Amino acid sequence: MALARRPDTVTWLKSVRRKIHENPELAFEEVKTSELVRYELDKMGIEYRYPLAKTGIRAWIGTGGPPFVAVRADMDALPIQVASTDFFFLCVFVCMHVYCSGRSMAYCVLDNSG
């Protein structure tokens, strides 16, 4: 718990979450999101298998034998209907992370850091 409360950890976690939300990608098109997650796992020295179902990642710590804990997070965004005529809004926000999927991805990366 102490690691999660450190100011540098909070800053890092917010940065990862923001990067995920700045680049929403639809299912099976999460190229940048997958790259970001793999980059963060590489920095922490965490083993993973890629690709799974095109852009998915499975990471593990330890032997994989019992006892174990499984954590799952969606990293895809969902398409949304746009009611705005603002050109920037239409170009950037045609899909977005909802139901906290971006937050879940950031927390899963944090949870795997030890």
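The values are calculated or read from the model by the stated rules, or taken from the named source; none is laboratory data. Since we're looking at a predicted model, the values are computed, not measured. As a convention, Cβ positions derive from the backbone with ideal geometry for all residues, glycine included, and neighbour counts pool all protein chains shown.
Only one entry in Lys32, Lys43 is basic (Lys, Arg) and under 18 Å from Ala77 (Cα atoms), namely Lys32. Sub-7 Å Cβ pairs linking a first residue in the range 52-76 that is without any contact (Cβ under 8 Å) to a residue 60 or more places away in the chain to a second residue that is charged (D, E, K, R) and part of a loop (DSSP other than H, G, I, E, B), at least 6 apart or interchain, are Thr55/Glu30; Met75/Glu30; Asp76/Glu25; Asp76/Glu30, ordered by first then second residue. Kindly provide the set of residues from the range 11-36 that are surrounded by 14 or more Cβ atoms within 10 Å (Cβ to Cβ), hydrophobic (A, V, I, L, M, F, W, C) and over 26 Å from Gly62 (Cα atoms), ordered by number. Of everything in the range 11-36, those that are surrounded by 14 or more Cβ atoms within 10 Å (Cβ to Cβ), hydrophobic (A, V, I, L, M, F, W, C) and over 26 Å from Gly62 (Cα atoms) turn out to be Ile20, Ala27. Does the range 47-61 hold any residues that are loosely packed, with under 14 Cβ neighbours inside 10 Å and aliphatic (A, V, I, L, M), and which are they? Hits for the range 47-61 are Leu52, Ala53.
The single condition from (1) modelled with pLDDT of 95 or more; (2) farther than 20 Å from Ile61 by Cβ that Tyr39 fails is (2). All conditions in (1) farther than 16 Å from Arg72 by Cβ; (2) in contact (Cβ under 8 Å) with a residue 40 or more places away in the chain; (3) surrounded by 12 or more Cβ atoms within 10 Å (Cβ to Cβ) hold for Leu3, with the sole exception of (3).
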